[in-house]
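Comments concern the structure below.
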Amino acid sequence: MPPSNSQPSYTKGPEPGPLFEIPIGDAFDATVSRHGDREALVVRHQGLRYSWAELGAEVERHARALMALGLTAGDRVGIWSPNCAEWCIAQFATAKIGAILVNINPAYRLEDLRYALNQSGCQWLICADTFKTSDYHRMVLDLVPSLAGTEPGRLDDPGAPELRGVISLADQPPAGFLPWRQLADHGARVSEQTLRQRQGGLDANDPINIQYTSGTTGFPKGATLSHRNILNNGHLVGESLGLNERDRLVIPVPLYHCFGMVMGNLACVTHGTTMIYPDAGFDPETTLRAVAEEKATALYGVPTMFIAELASPVRQEVDLSSLRTGIMAGATCPVEVMRKVIDEMHMSEVQIAYGMTETSPVSLQTGADDELERRVSTVGRTQPHLETKLVDEHGATVGRGEIGELCTRGYSVMLGYWNNPQGTAEAIDGQGWMHTGDLAQMDEQGYVRIVGRAKDLIIRGGENVYPREIEEFLYTHEAVEEVQVIGVADERYGEEIVAWVKARPGAEVDGAVLRAFCQDRIAHFKVPRWFRLVDDFPMTVTGKIQKFRMREISERNLKEHGHA
Ligand code: AMP
């Protein structure tokens, strides 16, 4: 993209129709009455299937039960669980009564839990029993030991001073936990009419969800989102995909993240599309089987999930021909991976979305009618009703083709960080622009290419090096299955480049081969100084590669070998 100062890097999305100005519960009810008998939710690992009418009834019973526990609009309810039917029911039950759902990352451990529960002041927590190496009951009891001897709802423990009780998704939880399967019985104490009144008093601008962001520095911050923020974002993401009630979307991404609960659940709810959860956590095999056996038309994933699905032997065994569309998002989507998803997974209309938790999340998205080259190499154009601009370090808008920090403005920008006005003021400026910390370029037609995180930019001997560029280049080597490039501290150049490479199964490759491949094909200062062959990358549960962890590991390793 050659630099050009002809136009500023600013675009405004189209305004195809008015935004939803209703609370989430009303939108959910409308879909239940419109699509009653059609399939709403399939949870494969639990063997559960619900029509919209059945899901509507479950949500209603649990909404009344949560009111019976004393929860009022604006109270916080935490949910700490991998993907399951109860997650979805809790999302819409809390939305109906105006309780703010606090998504707690299932990978959190005791201290993270303490922080999230107390920072948001949760009155109730819904938790799973175990998942992978996490024993949720154990950690809850370590945090609030008096729970074991307390009647549910009467907790008063210094470990989590505002917490009144804990609902367990286990069939037979330990003493002190309220079992989820008994929760609905409490609903009988609250009439349908009382629930209607509560729902009728909610405002679309009320906060309804708190999501703790990955927290690259310091403590995680609780992005606080309103009904209006996330309902509209889910709706517009689904519009871009052309979803309707005949579509069936496989959602292997975690529900605690906006990719699952907004781009997944809310896009489906606003379009009558069937939500399909293949598993509790991501697994390429169960995901591919879910697509084939459920005849799914759409599939979501972060790039690493699609890379794992493409590499899975199951892909050759199953029929993916029902697929039409889907979204790759959450991290840099390599061009080669996009091409393969189109060619080898039947996802001819796959789109890339870009965004962040603080913007509900999606701000830019490619469209099915964008030409192929743009669909695989850019994050598309500004979503409806939003504005995008790219700014330099002084806040001035850069010209088209120049690199600047991406900023977003419009309905999707969060209300703020929960109880953190200073953090909010640092993220959202006086004109309402959310500063993302991502570096991007915009072309003459308004298509945006993400270059990388501002903090991932490598400055080697005074040259700016964008890891993405080297990654894209290395993906063109046939032996490379996955590659991530980082900068490590270096006395001579300030920073040096390290590439972590996962080779394709059976491929013979080493650093010397890859270095020779780079020589004369990319500028000498971009050729990684070190290549590290790995089987895995340090990753969050959302599938985001943790470059800061890679940096720590590489720096330690190089020091041990006398290179730093
Ligand atoms: P989160 O708040 O966890 O959703 O993370 C948001 C961050 O993910 C953004 O600030 C980007 O750095 C990254 N991200 C999301 N989508 C994309 C994408 N399509 N391409 C590149 N980076 C992305």
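Does E373 count as farther than 18 Å from G238 by Cβ, modelled with pLDDT under 95 and in a loop (DSSP other than H, G, I, E, B)? Working first, answer last.
Details: farther than 18 Å from G238 by Cβ: yes; modelled with pLDDT under 95: yes; in a loop (DSSP other than H, G, I, E, B): no.
No: the conditions fail for E373.
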S214 open to solvent by less than 10 Å² (accessible area, probe 1.4 Å) and either within 13 Å of the ligand (Cβ to nearest atom) or modelled with pLDDT of 95 or more (or both): no
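Quick one: would you say R76 is among the basic types (K, R) and over 20 Å from I276 (Cα atoms)?
Yes; evaluated as a whole, the condition is true for this residue.
Of the residues N209, N244, only one is of a type outside the set (V, I, T), over 19 Å from A63 (Cα atoms) and not assigned by TED's automatic domain parsing to the domain that holds D75; which? Please lay out each step first, then the result.
Values: N209 fails: over 19 Å from A63 (Cα atoms).
After applying the criteria, what remains is N244.
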Subset of segment 468-481 [open to solvent by 10 Å² or more (accessible area, probe 1.4 Å), closer than 17 Å to V376 by Cα and without any contact (Cβ under 8 Å) to a residue 60 or more places away in the chain]: E469, F473
All positions within segment 25-55 that are touching a strand residue (DSSP E or B) at 6+ places or on another chain (Cβ under 6 Å) and surrounded by 21 or more Cβ atoms within 10 Å (Cβ to Cβ): A40, L41, V42, V43, Y50, W52, L55
Residue pairs meeting the criteria (Cβ under 7 Å; at least 6 apart or on separate chains; first closer than 23 Å to E162 by Cβ, in segment 122-140; second part of a strand (DSSP E or B) and modelled with pLDDT under 95): Y136/T130
Any chance V291 is open to solvent by less than 10 Å² (accessible area, probe 1.4 Å) and under 18 Å from T540 (Cβ atoms): no
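For every residue, the table says whether it meets (1) modelled with pLDDT under 95; (2) under 30 Å from M434 (Cβ atoms); (3) touching a helix residue (DSSP H, G or I) at 6+ places or on another chain (Cβ under 6 Å).
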{"position": "N5", "(1), (2), (3)": "yes, yes, no"}
{"position": "S9", "(1), (2), (3)": "no, yes, no"}
{"position": "G17", "(1), (2), (3)": "yes, yes, no"}
{"position": "G47", "(1), (2), (3)": "no, no, no"}
{"position": "A63", "(1), (2), (3)": "no, no, yes"}
{"position": "M67", "(1), (2), (3)": "no, no, yes"}
{"position": "G74", "(1), (2), (3)": "no, yes, no"}
{"position": "F92", "(1), (2), (3)": "no, yes, yes"}
{"position": "A95", "(1), (2), (3)": "no, yes, yes"}
Residue list for segment 360-374, restricted to those being touching a helix residue (DSSP H, G or I) at 6+ places or on another chain (Cβ under 8 Å) and within 12 Å of the ligand (Cβ to nearest atom): S360, P361, V362, Q365, T366
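Determine, yes or no, whether I342 is closer than 30 Å to I210 by Cβ and touching a helix residue (DSSP H, G or I) at 6+ places or on another chain (Cβ under 9 Å). Talk me through it step by step, then tell me what you get.
Working: closer than 30 Å to I210 by Cβ: no; touching a helix residue (DSSP H, G or I) at 6+ places or on another chain (Cβ under 9 Å): yes.
In short, no.
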The listed residue being outside the structural domain of G98 (by TED's automatic domain parsing), surrounded by 24 or more Cβ atoms within 10 Å (Cβ to Cβ), among the hydrophobic types (A, V, I, L, M, F, W, C) and away from the ligand (no atom under 16 Å from the Cβ), out of V314, V250: V250
Counted residues, segment 406-442 - those being open to solvent by 10 Å² or more (accessible area, probe 1.4 Å) and closer than 26 Å to F525 by Cα: 4
Every residue from segment 505-549 that is within 16 Å of the ligand (Cβ to nearest atom), open to solvent by less than 60 Å² (accessible area, probe 1.4 Å) and without any contact (Cβ under 8 Å) to a residue 40 or more places away in the chain: P538, Q546
Within segment 264-286, considering residues that are open to solvent by less than 10 Å² (accessible area, probe 1.4 Å) and assigned to a helix (DSSP H, G or I), the one nearest to the ligand (Cβ to nearest atom): G264
Which listed residue is under 21 Å from R549 (Cβ atoms), open to solvent by 20 Å² or more (accessible area, probe 1.4 Å) and either touching a helix residue (DSSP H, G or I) at 6+ places or on another chain (Cβ under 7 Å) or modelled with pLDDT of 95 or more (or both), from Q484, Q445: Q484
Single match in T378, T408 (criterion: of a type outside the set (D, E), closer than 24 Å to L231 by Cα and in the same structural domain as S240 (by TED's automatic domain parsing)): T408
Residue pairs meeting the criteria (Cβ under 6 Å; at least 6 apart or on separate chains; first free of Cβ contacts under 8 Å to residues at least 12 places away in the same chain, in segment 198-214; second away from the ligand (no atom under 16 Å from the Cβ) and not aromatic (F, W, Y)): none
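Quick check on E387: is it assigned to a strand (DSSP E or B), surrounded by fewer than 24 Cβ atoms within 10 Å (Cβ to Cβ) and either at pLDDT below 95 or more than 12 Å from the ligand (Cβ to nearest atom) (or both)? Lay out the reasoning, then the answer.
Numbers: assigned to a strand (DSSP E or B): yes; surrounded by fewer than 24 Cβ atoms within 10 Å (Cβ to Cβ): yes; either at pLDDT below 95 or more than 12 Å from the ligand (Cβ to nearest atom) (or both): yes.
Yes: the conditions hold for E387.
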Qualifying position, being under 17 Å from T540 (Cβ atoms), at pLDDT 95 or above and either touching a Phe, Trp or Tyr at 6+ places or on another chain (Cβ under 8 Å) or not charged (D, E, K, R) (or both), among A280, A267, A296: A280
When residues of segment 327-352 are limited to those that are more than 9 Å from the ligand (Cβ to nearest atom) and assigned to a loop (DSSP other than H, G, I, E, B), the one nearest to T540 (Cα to Cα): P334
Conditions (1) open to solvent by less than 20 Å² (accessible area, probe 1.4 Å); (2) on the phi > 0 side of the Ramachandran plot; (3) touching an Asp or Glu at 6+ places or on another chain (Cβ under 9 Å); (4) part of a loop (DSSP other than H, G, I, E, B): number failed by G395: (1)
Residues (more than 25 Å from the chain's Cα centre (by Cα) and either in a helix (DSSP H, G or I) or small (G, A, S) (or both)) located in segment 527-560: I553, S554, E555, R556, N557, L558, K559, E560
Failed item in (1) within 15 Å of the ligand (Cβ to nearest atom); (2) open to solvent by 10 Å² or more (accessible area, probe 1.4 Å), with V302 passing the rest: (2)
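Where residues in segment 253-263 are in a loop (DSSP other than H, G, I, E, B) and open to solvent by less than 10 Å² (accessible area, probe 1.4 Å), which of them is farthest from the ligand (Cβ to nearest atom)?
Pass one, segment 253-263, residues in a loop (DSSP other than H, G, I, E, B): 253-257.
Those left that are additionally open to solvent by less than 10 Å² (accessible area, probe 1.4 Å): 253, 255.
On the way: V253: 10, L255: 14 Å.
Per the stated criteria, the residue is L255.
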Count of segment 230-247 residues which are open to solvent by less than 10 Å² (accessible area, probe 1.4 Å) and within 16 Å of the ligand (Cβ to nearest atom): 5
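The values are calculated or read from the model by the stated rules, or taken from the named source; none is laboratory data. Remember, predicted model here, so these are calculated numbers, not experimental data. Quick reminder, even Gly has a Cβ in these numbers, built from the backbone with ideal geometry, and neighbours come from all protein chains shown. Side chains are part of the model used for accessible areas, which takes the heavy atoms of the whole protein and leaves out ligands, DNA and RNA. Shrake-Rupley method; radii C 1.70, N 1.55, O 1.52, S 1.80 Å.
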